[in-house]
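Report on the structure given below.
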Amino acid sequence: MVLNNAGKIAKECWLDITEHYPNTRLHECVIMPNHVHGILQIVNNAGVGVQNIEPLQQPKQNQYQKTIPRSIGSMVRGFKIGVTKWFRKNTNVYTVWQRNYYEHIIRNEQSYYKISEYIIKNPSHWLTDKYYEQDF
């Protein structure tokens, strides 16, 4: 993938995650024209990560309205905010991201290698992506 200016900003915002969350380590990442894949590792769980996810039983409120500080959700939210600010300042694109994000907890080395390989090979599938012909 050859990154345009928007892609370069997305990469910069991704790399900045460790500045805001020093207890994280970044692994594979690929910035695609219509999505991002990346692996975040929590290296010290002192107040960060899975133990800070919202409980399954929530009060009657929109699940997207509350972000728990220092959680993976807050990391993703911060990343998206940084990229969105650039888009709104430098382009006519206002809506940049889908709502929420997809996550998967990597539980063992085999899973890590499988997911890493998927991320690394993702650009080779771009020509067959259903959004390939769209202008970004």
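The values are calculated or read from the model by the stated rules, or taken from the named source; none is laboratory data. Please read all numbers here as calculations on a predicted model, not as lab measurements. Cβ placement follows ideal geometry from the backbone for every residue including glycine, while neighbour counts extend to all protein chains displayed.
Here are some conditions: (1) modelled with pLDDT of 95 or more; (2) touching a helix residue (DSSP H, G or I) at 6+ places or on another chain (Cβ under 8 Å); (3) not β-branched (Val, Ile, Thr). Residue 15 meets all but one. Which one does it not meet?
Looking at each condition in turn, residue 15 falls short on (2).
Matching residues to (1) at pLDDT 95 or above; (2) more than 14 Å from the chain's Cα centre (by Cα); (3) surrounded by 10 or more Cβ atoms within 10 Å (Cβ to Cβ):
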| residue | (1), (2), (3) |
| --- | --- |
| 72 | no, no, yes |
| 80 | yes, no, yes |
| 85 | yes, yes, yes |
| 96 | no, no, yes |
| 102 | no, no, no |
| 114 | yes, yes, yes |
| 117 | yes, yes, yes |
| 123 | no, yes, yes |
| 133 | no, yes, no |
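Would it be correct to say that residue 64 is of a type in the set (Ser, Thr, Tyr) and at pLDDT below 90?
yes
Quick one: how many residues across segment 1-44 are over 16 Å from residue 123 (Cβ atoms), in a loop (DSSP other than H, G, I, E, B) and not polar (S, T, N, Q)?
Number satisfying all stated conditions: 4.
List every residue pair whose Cβ atoms lie under 6 Å apart, where the two residues are 6 or more positions apart in sequence or sit on different chains, the first residue falls within segment 25-39 and is within 17 Å of residue 117 (Cβ to Cβ), and the second residue, located anywhere, is among the small types (Gly, Ala, Ser) and assigned to a strand (DSSP E or B).
29/38
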